[in-house]
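**Student:** I'd like to ask some things about the structure below.
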Amino acid sequence: MGLQVVLLKSFINEKKIVAKDDQIEKLRLFENMVIETNEKFNLTNITSEPDFTIKHIIDSLVGVPYIPKNAKLLDIGTGAGFPSMPIAIIRPDVTVEAIDSTEKKINFVNRCAKELNVPNIKAMSIRAEEMPKDNKYDCIVARAVAALPILMELAVPILNIGGIFIAYKATQDELSDCKKAFKELNCELDNVVTLTLPNEDNRCLIIIKKIGETPDKYPRNYSQIKKKPL
Ligand code: SAH
(Lines give C-alpha, C1' and ligand atoms only; values in the text may rest on other atoms or scores of the structure.)
Protein backbone atom coordinates (compact mmCIF):
# COMPACT_ATOMS: atom_id res chain seq x y z
CA MET A 1 0.00 0.00 0.00
CA GLY A 2 1.92 3.06 1.26
CA LEU A 3 1.35 6.75 0.89
CA GLN A 4 -0.70 7.79 -2.13
CA VAL A 5 1.98 10.24 -3.18
CA VAL A 6 0.37 11.42 -6.42
CA LEU A 7 -2.89 12.31 -4.70
CA LEU A 8 -1.04 13.96 -1.86
CA LYS A 9 1.12 16.06 -4.16
CA SER A 10 -1.81 17.23 -6.23
CA PHE A 11 -3.73 18.17 -3.07
CA ILE A 12 -0.72 20.10 -1.78
CA ASN A 13 -0.33 21.98 -5.08
CA GLU A 14 -4.00 22.78 -5.30
CA LYS A 15 -3.97 24.27 -1.79
CA LYS A 16 -0.72 26.12 -2.53
CA ILE A 17 0.97 24.41 0.40
CA VAL A 18 4.76 24.37 0.18
CA ALA A 19 6.30 20.93 0.74
CA LYS A 20 9.73 19.57 -0.06
CA ASP A 21 10.43 15.93 -0.86
CA ASP A 22 11.86 15.24 2.59
CA GLN A 23 8.62 16.45 4.18
CA ILE A 24 6.56 14.18 1.93
CA GLU A 25 8.91 11.34 2.89
CA LYS A 26 8.29 12.05 6.59
CA LEU A 27 4.54 11.90 6.01
CA ARG A 28 5.05 8.53 4.34
CA LEU A 29 7.14 7.22 7.23
CA PHE A 30 4.62 8.54 9.76
CA GLU A 31 1.81 6.76 7.91
CA ASN A 32 3.81 3.53 8.03
CA MET A 33 4.50 3.90 11.73
CA VAL A 34 0.81 4.45 12.52
CA ILE A 35 -0.29 1.43 10.50
CA GLU A 36 2.45 -0.84 11.85
CA THR A 37 2.08 0.17 15.49
CA ASN A 38 -1.66 -0.05 15.27
CA GLU A 39 -1.54 -3.64 14.08
CA LYS A 40 0.48 -4.52 17.19
CA PHE A 41 -0.93 -2.29 19.90
CA ASN A 42 -4.38 -1.26 18.74
CA LEU A 43 -3.46 2.38 19.05
CA THR A 44 -6.51 3.87 17.36
CA ASN A 45 -9.48 2.64 15.38
CA ILE A 46 -7.64 3.89 12.30
CA THR A 47 -6.84 0.90 10.12
CA SER A 48 -4.74 0.31 7.02
CA GLU A 49 -7.62 1.02 4.67
CA PRO A 50 -6.83 1.78 1.01
CA ASP A 51 -7.56 5.49 1.36
CA PHE A 52 -5.61 5.95 4.60
CA THR A 53 -3.57 8.77 3.04
CA ILE A 54 -6.70 10.69 2.14
CA LYS A 55 -8.65 10.06 5.32
CA HIS A 56 -5.85 10.85 7.72
CA ILE A 57 -2.81 12.52 6.12
CA ILE A 58 -4.49 14.75 3.53
CA ASP A 59 -7.39 15.36 5.89
CA SER A 60 -5.02 16.55 8.61
CA LEU A 61 -3.48 19.02 6.15
CA VAL A 62 -6.74 20.73 5.13
CA GLY A 63 -6.31 23.14 8.05
CA VAL A 64 -2.76 24.16 7.09
CA PRO A 65 -3.63 27.24 4.98
CA TYR A 66 -5.58 28.74 7.92
CA ILE A 67 -2.85 28.37 10.56
CA PRO A 68 -1.14 31.72 11.19
CA LYS A 69 2.59 32.00 10.47
CA ASN A 70 4.81 31.07 13.45
CA ALA A 71 1.74 30.13 15.51
CA LYS A 72 1.92 28.34 18.81
CA LEU A 73 -0.58 25.55 18.19
CA LEU A 74 -2.32 22.95 20.37
CA ASP A 75 -4.02 19.75 19.16
CA ILE A 76 -6.67 18.54 21.65
CA GLY A 77 -7.23 14.75 21.69
CA THR A 78 -4.49 14.00 19.18
CA GLY A 79 -4.78 10.18 19.36
CA ALA A 80 -2.00 8.81 17.18
CA GLY A 81 -1.04 12.34 16.07
CA PHE A 82 -3.90 13.66 13.93
CA PRO A 83 -3.97 16.36 12.78
CA SER A 84 -0.89 17.60 14.67
CA MET A 85 1.89 15.41 13.28
CA PRO A 86 1.19 16.10 9.57
CA ILE A 87 0.82 19.81 10.46
CA ALA A 88 4.16 19.83 12.31
CA ILE A 89 5.90 18.07 9.40
CA ILE A 90 4.55 20.48 6.78
CA ARG A 91 4.80 23.67 8.88
CA PRO A 92 8.22 23.89 10.57
CA ASP A 93 7.42 27.52 11.47
CA VAL A 94 4.63 26.37 13.81
CA THR A 95 5.34 25.22 17.39
CA VAL A 96 3.04 22.28 17.96
CA GLU A 97 1.87 20.76 21.23
CA ALA A 98 -0.38 17.71 21.18
CA ILE A 99 -2.37 16.44 24.15
CA ASP A 100 -4.35 13.33 24.84
CA SER A 101 -5.70 11.77 28.01
CA THR A 102 -4.19 8.39 27.04
CA GLU A 103 -0.49 8.05 27.77
CA LYS A 104 0.11 5.17 25.33
CA LYS A 105 -0.88 7.43 22.42
CA ILE A 106 1.29 10.28 23.64
CA ASN A 107 4.31 7.98 23.90
CA PHE A 108 3.71 6.95 20.29
CA VAL A 109 3.53 10.56 19.06
CA ASN A 110 6.75 11.45 20.89
CA ARG A 111 8.47 8.37 19.48
CA CYS A 112 7.44 9.39 15.94
CA ALA A 113 8.69 12.94 16.53
CA LYS A 114 12.07 11.55 17.56
CA GLU A 115 12.46 8.86 14.91
CA LEU A 116 11.25 11.09 12.07
CA ASN A 117 13.17 14.10 13.38
CA VAL A 118 10.25 16.49 13.75
CA PRO A 119 11.60 18.88 16.41
CA ASN A 120 8.64 21.29 16.48
CA ILE A 121 6.13 18.89 18.06
CA LYS A 122 5.83 17.83 21.67
CA ALA A 123 3.11 15.54 23.03
CA MET A 124 1.80 15.48 26.60
CA SER A 125 -0.58 13.25 28.46
CA ILE A 126 -3.10 15.62 30.05
CA ARG A 127 -6.82 16.30 29.74
CA ALA A 128 -7.71 19.53 27.93
CA GLU A 129 -9.84 20.83 30.80
CA GLU A 130 -6.85 20.46 33.13
CA MET A 131 -4.46 22.56 31.05
CA PRO A 132 -2.96 25.52 32.93
CA LYS A 133 -4.70 28.72 31.92
CA ASP A 134 -1.60 30.91 32.09
CA ASN A 135 -0.21 29.25 28.96
CA LYS A 136 -2.14 30.26 25.87
CA TYR A 137 -2.15 29.35 22.17
CA ASP A 138 -2.58 31.25 18.89
CA CYS A 139 -4.33 28.34 17.25
CA ILE A 140 -6.03 25.18 18.56
CA VAL A 141 -7.16 22.26 16.41
CA ALA A 142 -9.23 19.15 17.18
CA ARG A 143 -10.42 16.29 15.01
CA ALA A 144 -12.96 13.63 16.01
CA VAL A 145 -12.92 14.39 19.74
CA ALA A 146 -16.28 15.76 20.92
CA ALA A 147 -19.33 17.82 19.97
CA LEU A 148 -18.61 21.45 19.08
CA PRO A 149 -20.01 23.15 22.23
CA ILE A 150 -17.87 20.79 24.35
CA LEU A 151 -14.79 21.43 22.24
CA MET A 152 -15.32 25.18 22.44
CA GLU A 153 -15.38 25.06 26.22
CA LEU A 154 -12.15 23.03 26.25
CA ALA A 155 -10.31 25.16 23.69
CA VAL A 156 -11.35 28.79 24.09
CA PRO A 157 -10.11 29.35 27.69
CA ILE A 158 -6.55 28.55 26.57
CA LEU A 159 -6.60 30.63 23.36
CA ASN A 160 -5.03 34.06 23.14
CA ILE A 161 -7.49 36.85 22.38
CA GLY A 162 -7.51 37.04 18.58
CA GLY A 163 -6.50 33.38 18.41
CA ILE A 164 -8.48 30.80 16.43
CA PHE A 165 -9.93 27.36 17.10
CA ILE A 166 -10.17 25.13 14.02
CA ALA A 167 -12.66 22.28 14.49
CA TYR A 168 -12.36 19.50 11.90
CA LYS A 169 -15.93 18.38 11.23
CA ALA A 170 -17.84 16.68 8.40
CA THR A 171 -20.54 19.37 8.21
CA GLN A 172 -21.39 22.68 9.85
CA ASP A 173 -24.56 21.25 11.43
CA GLU A 174 -23.23 21.52 15.00
CA LEU A 175 -22.91 25.30 14.71
CA SER A 176 -26.62 25.68 15.41
CA ASP A 177 -26.04 24.19 18.90
CA CYS A 178 -23.36 26.73 19.77
CA LYS A 179 -25.19 30.05 20.22
CA LYS A 180 -24.75 30.03 23.98
CA ALA A 181 -21.13 28.88 23.73
CA PHE A 182 -20.25 31.79 21.41
CA LYS A 183 -21.81 34.27 23.80
CA GLU A 184 -20.52 32.83 27.07
CA LEU A 185 -16.99 32.29 25.78
CA ASN A 186 -16.66 35.61 23.94
CA CYS A 187 -16.16 34.22 20.45
CA GLU A 188 -17.23 34.89 16.91
CA LEU A 189 -17.42 32.73 13.83
CA ASP A 190 -14.38 33.54 11.70
CA ASN A 191 -14.82 31.21 8.74
CA VAL A 192 -16.51 28.01 7.61
CA VAL A 193 -14.56 26.11 4.98
CA THR A 194 -16.29 23.23 3.23
CA LEU A 195 -14.42 20.98 0.88
CA THR A 196 -14.49 17.52 -0.61
CA LEU A 197 -11.57 15.17 -0.07
CA PRO A 198 -10.20 13.25 -3.09
CA ASN A 199 -12.32 10.23 -2.04
CA GLU A 200 -15.50 12.39 -2.06
CA ASP A 201 -15.77 12.54 1.75
CA ASN A 202 -17.11 15.87 2.96
CA ARG A 203 -14.96 17.96 5.23
CA CYS A 204 -15.80 21.16 7.01
CA LEU A 205 -13.47 23.37 9.02
CA ILE A 206 -15.30 25.53 11.52
CA ILE A 207 -12.98 28.39 12.45
CA ILE A 208 -13.85 30.28 15.62
CA LYS A 209 -12.10 33.42 16.87
CA LYS A 210 -11.72 34.44 20.49
CA ILE A 211 -12.57 38.13 20.78
CA GLY A 212 -12.52 38.76 24.53
CA GLU A 213 -11.54 37.30 27.91
CA THR A 214 -13.10 33.99 28.94
CA PRO A 215 -14.95 34.07 32.27
CA ASP A 216 -12.88 32.30 34.95
CA LYS A 217 -15.46 29.60 35.58
CA TYR A 218 -14.64 27.95 32.22
CA PRO A 219 -13.78 25.21 31.57
CA ARG A 220 -15.97 23.48 34.15
CA ASN A 221 -15.06 19.93 35.14
CA TYR A 222 -15.62 17.35 32.41
CA SER A 223 -18.71 15.71 33.91
CA GLN A 224 -20.41 19.15 33.99
CA ILE A 225 -19.26 19.98 30.47
CA LYS A 226 -20.68 16.72 29.19
CA LYS A 227 -23.86 16.68 31.23
CA LYS A 228 -24.76 20.32 30.58
CA PRO A 229 -22.92 21.50 27.43
CA LEU A 230 -23.10 25.24 26.80
N1 SAH B 1 -7.66 13.37 16.79
C2 SAH B 1 -7.38 11.97 16.55
C3 SAH B 1 -7.98 11.06 17.63
C4 SAH B 1 -9.49 11.10 17.73
S5 SAH B 1 -10.09 9.97 18.98
C6 SAH B 1 -7.83 11.59 15.17
O7 SAH B 1 -8.50 12.39 14.51
O8 SAH B 1 -7.53 10.46 14.72
C9 SAH B 1 -10.36 11.10 20.33
C10 SAH B 1 -9.16 11.24 21.25
O11 SAH B 1 -9.40 12.31 22.13
C12 SAH B 1 -8.90 10.00 22.09
O13 SAH B 1 -7.56 9.59 21.89
C14 SAH B 1 -9.16 10.47 23.53
O15 SAH B 1 -8.26 9.87 24.44
C16 SAH B 1 -8.94 11.97 23.43
N17 SAH B 1 -9.70 12.82 24.36
C18 SAH B 1 -11.06 12.83 24.53
N19 SAH B 1 -11.41 13.79 25.41
C20 SAH B 1 -10.26 14.41 25.81
C21 SAH B 1 -9.97 15.48 26.72
N22 SAH B 1 -10.93 16.09 27.40
N23 SAH B 1 -8.67 15.86 26.87
C24 SAH B 1 -7.68 15.23 26.18
N25 SAH B 1 -7.90 14.21 25.31
C26 SAH B 1 -9.17 13.80 25.14
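**Student:** Which one is surrounded by the most Cβ atoms within 10 Å (Cβ to Cβ), of the residues in region 118-163 that are of a type in the set (Lys, Arg) and within 12 Å of the ligand (Cβ to nearest atom)?
**Tutor:** This residue is Arg143.
**Student:** If I ask for residues that are part of a loop (DSSP other than H, G, I, E, B) and either over 16 Å from Ala167 (Cβ atoms) or of a type in the set (Ser, Thr, Tyr) (or both), which ones from region 118-149 would you list?
**Tutor:** Hits for region 118-149 are Val118, Pro119, Asn120, Ile126, Arg127, Met131, Pro132, Lys133, Asp134, Asn135, Lys136.
Here is a yes/no grid of residues against (1) at pLDDT 95 or above; (2) in contact with a Gly (Cβ under 8 Å, 6 or more places away or on another chain); (3) open to solvent by less than 10 Å² (accessible area, probe 1.4 Å):
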site: Ile17; (1), (2), (3): no, no, no
site: Lys26; (1), (2), (3): yes, no, no
site: Phe30; (1), (2), (3): yes, yes, yes
site: Ala71; (1), (2), (3): yes, no, yes
site: Pro83; (1), (2), (3): yes, yes, yes
site: Glu97; (1), (2), (3): yes, no, no
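**Student:** Only one residue in Leu3, Leu8 is assigned to a loop (DSSP other than H, G, I, E, B), open to solvent by less than 60 Å² (accessible area, probe 1.4 Å) and in contact (Cβ under 8 Å) with a residue 40 or more places away in the chain. Which one?
**Tutor:** Leu3
**Student:** From (1) within 13 Å of the ligand (Cβ to nearest atom); (2) over 19 Å from Lys209 (Cβ atoms); (3) surrounded by 18 or more Cβ atoms within 10 Å (Cβ to Cβ), pick out the condition that doesn't hold for Ile166.
**Tutor:** (2)
**Student:** Based on this model, can you work out whether Asp93 counts as open to solvent by 20 Å² or more (accessible area, probe 1.4 Å) and without any contact (Cβ under 8 Å) to a residue 40 or more places away in the chain?
**Tutor:** When the stated conditions are applied, Asp93 passes them.
The values are calculated or read from the model by the stated rules, or taken from the named source; none is laboratory data. What you see is a predicted model, and the numbers here were worked out from it, not measured in a lab. Cβ: placed from backbone, ideal geometry, glycine included. Neighbour counts: every protein chain shown. Please note that ligands, DNA and RNA were not included when accessible areas were found on the heavy atoms of the full protein model with its side chains. Shrake-Rupley method; radii C 1.70, N 1.55, O 1.52, S 1.80 Å.
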